[in-house]
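J.: Here's a structure for you.
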Amino acid sequence: MALYNSNRGGIIQIIIGFVFVIIIGQLISLQIFSNKYKLAADNNAIFRKIIYPDRGIIYDRKRRALLENSISYDLVVIPNEAKGVDTIALCNILRIDKDEFTKRMIEVIVKNSRVKAGIFEPFLSPELYAQLTENLYRFPGFSLSERSIRTYPYNTAAHVLGYVAEVDVNFLQKHEDEGYEMGDYAGMTGLEKQYENVLMGQRGVKRFLRDNKGKIQGAFEKGQFDTLAVAGRNLYTSMDVDVQQLAEKLLQHKIGSAVVINPKTGGVIAMASSPGYNPNLLTGNQRRRTIGSLLTDTARPIYNRAIKGQYPPGSTFKPMGALIALDEGLISPSFGYNCFGLYTSCGDPRKCEHHNAGHAANLQLALANSCNSYFLQVFRMAIDNPKYHNAKQGYLKWKEYVNSFGLGRKLGIDLPSENKASIPDTAQYNKDFGNPKYWNSCYMLTLGIGQDRMTATPLQLANAMALIANEGFYYTPHFVDSLEDEDEDDKAILAKFRTKQEVTKISGDIFKIIKEGMHDVTVYGTAAGIKVPGHEYCAKTGTAQNPHGKNHSLFVCFAPKDNPKVAVAVVVENAGFGATWAGPIGGLLMEKYLNDTLTAESKTKTEYLANVDLMPQSIKDWYVRNNKSERLTPIEYNNDELGDVWDMEMVSENNAKPQKPKDTIQKAVDSSFKKTSSIPPTNNSNTVKKDSAALINKKKKKTINTKNVQHT
Amino acid sequence: MSNTPNQNNFSKGTDLAVIILYFAMVAIGILCIFMVEFNPNINWSNSLIAGKNSYSKQIYFAIFCGFVGIFILLMDSKVFTALANISYGVGIVLMLATFVLGKNINGSKSWIPIAGGFNLQPAELCKIFTALILAKFISKPETDFTKIKSHLIAGGIIALPAILSIMQHEMGLALVYSAFLFAMYREGLPPVILIVALSFAVLVIATLLLEPTLLAIILTIIAAVFIISMVKRFKRNRNSILIVIGIWAICFGTIRYVVPYIFNNVFECYQSTRIYSMIGKEYDCSQNKKSASASGKQHGKKPDDYNVKQSKIAIGSGGFWGRGFLKGTQTRGKYVPEQNTDFIFTSLGEAFGFIGTASFLGLYLFFLFRIIRIAERQRSTFSRVYAYSVVGIFFFHIAVNISMTIGLFPVVGIPLPLISYGGSSLLTFTVLVFILLRLDADRQMVLR
């Protein structure tokens, strides 16, 4: 019987083997092909405590801290451990009700799960903090966690610095592998965002072993996996707190923007946008209260107009129009236009503010007097340049020039979301005028005086001034000059701010001519009333028509005339004539930067300008309607009378509308064109050569002199 | 027949491999318990001497078991045949006694308290006694194990302690008695029974996985296809059509009545819940008659699969190489409940990874195959049946215990032989192994 069944031992072995193979199979799938268990085990047992490093500080050019860190406390809770909490006592301390308590608890669980610490009440006030520390033993699972928050000792440069805020789901998805977690804070705008990686530093992680009841048993693996927190690195900017504060002061109660650049480095000295806000309003527990009203404000105080505001440059564009014509050899500095107060070559007459004969007898005079007719003519000559066969080719060449001046493209400043504004594309005009064959310089005539579809940001205008000041190059505008402990990667990032941008091949002599013209603006021209004590400077005023109401007041300038150290652009929205509002602001900013102080007279002027209210009526009405009258300034100033008087500089109506010129006028244009281009170009270039040769000689002498000085 | 020349020298004829494996496994067990109990803040050498920790207790148990083993090896092998019937009787009496004297441990009343704070679980010991009496019954000259009558008697011998165990709420221990099927199969149990048992298991699982109505339809279709495709054969043999219909009726009955009955009336609520949760379903405890009658049972409260989840995390987190000795976070954090008894395999899996678990299973497999080899070299039916019983009991424990820790089997309270903490369990397996060694040493004899 036994022998008969002896093969069954084998079968039993097979059965046993089969079961073992199944078990081994499951073990392979669990232990080799599945990572989730390792993660689950770590989630169970390893408690990661994040050590937040201090964020880097941002300094101005004199090493004054634009912002600092201070300590604030959050009340955090681990929901799983919050058992037996004296809810009533806690609610009383926090002044919330039971429903709010449950609501917040659920929020914490949803955000951070039951086993991780989540913020129950952020940014405790000192009184709350004291009360809670005394009573904490009654609230198991709750603890106080330290957090560093930003404070702004100078209450300034909110737009530039930006703010930090708690990261949201979108942010976490975008920065998936950068180690951010729910509840972390990160730079959301401005330099805080741009240099987040530098400022943030490196968070440290301490790992603890935790048992099944959530009790900490000690360091995990003796702390060998712990990482130390590395403090964020500081930013050293080219900003100047004094100039920045002055700019903000001058722009208060106005809508507008001012940008001050050091043309020698491209470093931004000040960048103000008005209306602004006090950066201290967006830190700590202030933030929750203010952010909403700031975001809904119709005057958009959070919007940085200096890099996003798109303004028609108006007459401030004229120097650039002249540069193009000179470089193309279309005009010489002595080119004159007989303006009688109207430009009629394109049908509907365009007004010019001057009527007297000879106010545009040469380039310098035309610039100083800001003659519209002159620059409209110059623009048309550039578009109808016979070198480029047709108006479209001419326009493309002209656009190339304008782009090379940094208009109509992003400059690459170290702030997020810079706007490139607009130098219109040919496609846009094709759409308006149909076939490019029929293009005509009269179509977009007012581009020549910075109107039509041309827009620029204040930053671009300031940069264009730096370009003229430097006679043909600029450094990409930037705030950060250097970082603390710069490494190779940082150097690579900052390299673009340290390389000369030679975007145009226009010779220095041509720039010198323009500079002279812009200097004349300040001597006897439109800006003659604005002085910078102790310095000769160059400037151009602008009064730009816009579809939003009264003209924008613009002013661009650089100083000193020789060896420029500062370039400025100021825009005041709907304020009127450039020389009245933007001009004095620009002048004061230059004075402050160059002289470090203001004269008594300038100080009175500052106070006057700071108190002038140029807010458009529509915005004031909005404030009244929305019960925010506290935003209205106590000093009411009626600028209507003044504004009307000075709206004369550019009075052409419907300038954006295309108008087809009549045949006769077309002929007249052609003939005048021939006249102007008949100036022998060889002659022109010869003089230029002579001039430049003289200049080089001068330079040589200078260098020799300095050498001698050094030797002695 | 009773010629025993080697009686004085107990080491002669004993299988050295099994002894080495036995001690290796006990050592691994103590190591695993040590890993579970280890606390870096407490000096382990002190607590070892104090005997307060599980691992130190297990060491004392092991030493005690060593003496028991030596004692067994010194006994006359005829004692086992002689005492088989009596011991079985005593075992059954002890099990019945638990209903009177029983002490409630972990919800089952299967322990008898004895002096010195130790508790005895008669059901554990009954495994040995059942193995002995089964061997004795089958090896009797008058038993013809090809006959159904013998099968039924053997089945009754096994079923008695199993039923008692179920009554003690020890489902795991009851299931162990099915391990004797190996021995019975080896001795001539027709394979049809195994096939029927397997079919039944498949049917139960299918009932759980599929909707009963859907399953009934599928079965009906299968039966119909069978009948149609075999029409010619049925014309010749009328009975075969009846067989097909009969099988169909039995299957249908199983689905409709037997399976629900088992889950609602035989299993406790928590057991049904565990089985349902294995396949990702929820069991409605209100249907369960047993838990309704024995209300207030603690098991009913914890229906979640927390144990298995944590156990799988522990084993899975070991990965290929393991987290290292004493470095398992699941073990250190005490995340796995019952880790030093039923879930001891997890500490091994976490610390030593797949390398550890695979070699450990290899060791067990070698151990089982070694005993099968020993079984096959016996001249005596008694020894062989006993040996196969030992194989069956060990295999069943190992397979069920490890399967439940890795989520292949519902959680039933079955220890891992020689590894799990616990004196009763260690003693039982020690006795099982050493009786086998004693019998094997006398393999030239034919015992009855």
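Read-outs throughout are calculated quantities, based only on the coordinates presented, and are distinct from any laboratory measurement. Nothing here was measured: the structure is a model prediction, and the numbers come from that model. All Cβ positions, even for glycine, are placed from backbone atoms using ideal geometry, and neighbour counts span all protein chains on display.
J.: Can you compute the FRET efficiency between residue A:516 and residue A:285 using 1/(1 + (r/R0)^6), with r the Cβ-Cβ distance and R0 = 45 Å? Round to the nearest 0.05.
T.: That gives a FRET efficiency of 0.20.
J.: Separate question: For labels at residue B:99 and residue B:85 in the simple 7 Å Cα→Cβ model, what's the distance in nm?
T.: 2.5
J.: If you don't mind, another one. On average, how many beta carbons from a partner chain sit within 10 Å of the beta carbon of a residue in B:308-318?
T.: Working: counts 0, 2, 4, 0, 6, 11, 5, 6, 14, 13, 7.
Across the residues of B:308-318, the mean count of other-chain Cβ atoms within 10 Å is 6.
J.: Over 18 Å between Cα atoms: which of A:387/A:431; B:281/B:334; A:62/A:254; A:318/A:512; A:83/A:213; A:116/A:213 fall into that group?
T.: Numbers: A:387/A:431 25 Å; B:281/B:334 28 Å; A:62/A:254 29 Å; A:318/A:512 15 Å; A:83/A:213 12 Å; A:116/A:213 13 Å.
Among A:387/A:431; B:281/B:334; A:62/A:254; A:318/A:512; A:83/A:213; A:116/A:213, the Cα-Cα distance tops 18 Å for A:387/A:431; B:281/B:334; A:62/A:254.
J.: Counting other beta carbons within 10 Å of each Cβ, put A:532, A:268 in order, fewest first. List each step's numbers first, then the result.
T.: Numbers: A:532 24, A:268 28.
Neighbour counts put them in this order, fewest first: A:532, A:268.
J.: How big is the dipole moment of the range A:262-309 about its Cα centre under a simple scheme where the beta carbon of each Lys and Arg is +1, that of each Asp and Glu is -1, and everything else is neutral? Debye, nearest 20, please. List each step's numbers first, then the result.
T.: On the way: 7 positive and 1 negative charges, 16 e Å.
Result for the range A:262-309 is approximately 80 debye, rounded to the nearest 20.
J.: Okay, next question. About its Cα centre, what dipole magnitude does the protein assembly as shown give when the only charges are +1 on Lys and Arg Cβ and -1 on Asp and Glu Cβ, stated in debye to the nearest 20? Intermediate results must be reported in sequence, preceding the final value.
T.: Numbers: 126 positive and 95 negative charges, 759 e Å.
So the magnitude is around 3640 debye.
J.: Starting with the fewest neighbours, write out B:336, A:115 ranked by other beta-carbon atoms found within 10 Å of each beta-carbon.
T.: In increasing order of surrounding Cβ atoms, one gets A:115, B:336.
J.: Do any cysteines in chain A lack another Cys Cβ under 4.7 Å, and if so which?
T.: A:91, A:339, A:352, A:371, A:538, A:557 - these cysteines have no disulfide-compatible partner (Cβ-Cβ under 4.7 Å) in chain A.
J.: Using the Karplus curve 6.51 cos²θ - 1.76 cosθ + 1.60 with θ = phi - 60°, work out ³J(HN,Hα) for each residue of the range A:483-498 in order, rounded to whole Hz, and write x for Gly and Pro.
T.: 10, 5, 6, 4, 10, 4, 5, 4, 4, 5, 5, 7, 4, 5, 8, 10
J.: Then there is this: Mind listing the phi-derived Karplus ³J(HN,Hα) values for the range A:189-200, rounded to whole Hz, using 6.51, -1.76 and 1.60 with θ = phi - 60°, and x for any glycine or proline?
T.: 9, x, 4, 4, 7, 4, 10, 3, 4, 6, 6, 5
J.: For the range A:406-547, what's the relative contact order in percent, using C-alpha pairs closer than 8 Å and at least 6 residues apart?
T.: Details: 136 pairs, mean separation 28.7, N = 142.
Contact order relative to length: 20 percent.
J.: For the protein assembly as shown, build the charge dipole from Cβ charges (+1 Lys, Arg; -1 Asp, Glu) around the Cα centre, then report which of A:274, B:259, B:137 sits farthest towards its positive end.
T.: Working it through, the farthest residue towards the positive pole turns out to be B:137.
J.: Restricting to Cα pairs below 8 Å that are 6+ residues apart, what does the relative contact order work out to for the range B:112-270? Please round to a whole percent.
T.: Taking the mean separation of contacting Cα pairs over the length of the range B:112-270, I get 16 percent.
J.: How do B:383, B:139, B:47, B:424 line up, fewest other C-beta atoms within 10 Å first? Let's see the in-between values first.
T.: Details: B:383 28, B:139 23, B:47 15, B:424 19.
Fewest-to-most ranking of B:383, B:139, B:47, B:424: B:47, B:424, B:139, B:383.
J.: For the pairs A:264/A:540; A:420/A:628; A:264/A:592; A:496/A:531, flag any whose C-alpha to C-alpha distance is greater than 24 Å.
T.: Working: A:264/A:540 20 Å; A:420/A:628 33 Å; A:264/A:592 18 Å; A:496/A:531 35 Å.
Where the Cα-Cα span goes over 24 Å, the pairs concerned are A:420/A:628; A:496/A:531.
J.: About the Cα centre of the range A:382-494, what is the dipole size in debye to 20, counting +1 per Lys and Arg Cβ and -1 per Asp and Glu Cβ, all else neutral? Mind showing how you got there, number by number?
T.: On the way: 11 positive and 16 negative charges, 276 e Å.
Charge dipole, the range A:382-494, about its Cα centre: 1320 debye, nearest 20.
J.: Same structure again: Based on alpha-carbon atoms only, what is the radius of gyration of the range B:183-260 relative to the globular estimate 2.2 N^0.38 Å?
T.: On the way: Rg = 14.7 Å, N = 78, 2.2 N^0.38 = 11.5 Å.
Its radius of gyration relative to the 2.2 N^0.38 Å reference: 1.28.
J.: Shape call for the protein assembly as shown from the C-alpha gyration tensor, a ≥ b ≥ c root eigenvalues: rounded (a/c under 1.5), prolate (a/b greater than b/c) or oblate? Intermediate results must be reported in sequence, preceding the final value.
T.: Details: a/c = 3.43, a/b = 2.90, b/c = 1.18.
Taking the square roots of the gyration eigenvalues as a ≥ b ≥ c, the protein assembly as shown is prolate.
J.: Grab the DSSP H runs of chain A that are 4 residues or longer, score each as -39,500 (n - 2.57), total them, divide by all residues and round the 222 nm result to the nearest 500 deg cm²/dmol. Provide the component values of the computation, followed by the final result.
T.: Values: 26 runs with 291 residues, N = 712.
So the helix-based figure for chain A works out to -12500 deg cm²/dmol.
J.: What ³J(HN,Hα) values, in whole Hz, does the Karplus curve 6.51 cos²θ - 1.76 cosθ + 1.60 give for the range B:238-252 when θ = phi - 60°, with x put for Gly and Pro?
T.: 5, 5, 4, 5, 5, 4, 4, 5, x, 4, 4, 5, 5, 4, 4
J.: May I ask you to list the residues of the range A:224-258 whose amide nitrogen lies under 16 Å from a point 7 Å from Cα along the Cα→beta-carbon direction of residue A:491?
T.: Taking a point 7 Å out along Cα→Cβ of residue A:491, no residue of the range A:224-258 has its backbone N under 16 Å.
J.: Turning to a different aspect of this structure: Report the one residue of A:85, A:110, B:26 whose Cα lies farthest in the direction of the positive end of the charge dipole of the protein assembly as shown (charges on C-beta: Lys and Arg +1, Asp and Glu -1; origin at the Cα centre).
T.: After comparing all options, I get B:26.
J.: Given a Förster distance of 25 Å, report the FRET efficiency between residue A:109 and residue A:169 from their Cβ-Cβ distance, rounded to the nearest 0.05. Present the calculation step by step, with values, prior to reporting the outcome.
T.: Numbers: r = 16 Å, r/R0 = 0.64.
Result of the calculation: an efficiency of 0.95.
J.: Please compute the modelled spin-label separation between residue A:229 and residue B:366, points set 7 Å along Cα→Cβ, answer in nm with one decimal.
T.: 5.4
J.: Just to verify a number: FRET efficiency for residue B:226 and residue B:320, C-beta to C-beta distance, R0 = 45 Å, to 0.05?
T.: About 0.40, to the nearest 0.05.
J.: What residues qualify as long-range amide H neighbours of residue A:184, i.e. H under 5 Å apart, gap of 5 or more or another chain, H built at 1.01 Å from N?
T.: Excluding prolines and chain starts, which carry no amide H, the hits are A:167.
J.: For the pair residue B:306/residue B:48, report the inter-label distance in nm, with labels modelled 7 Å from Cα in the Cβ direction.
T.: Placing both labels 7 Å along Cα→Cβ, they lie 3.4 nm apart.
J.: Name the residues of the range A:181-217 whose amide N is less than 16 Å from a point 7 angstrom out from the Cα of residue A:39 along the C-beta direction?
T.: A:181-182
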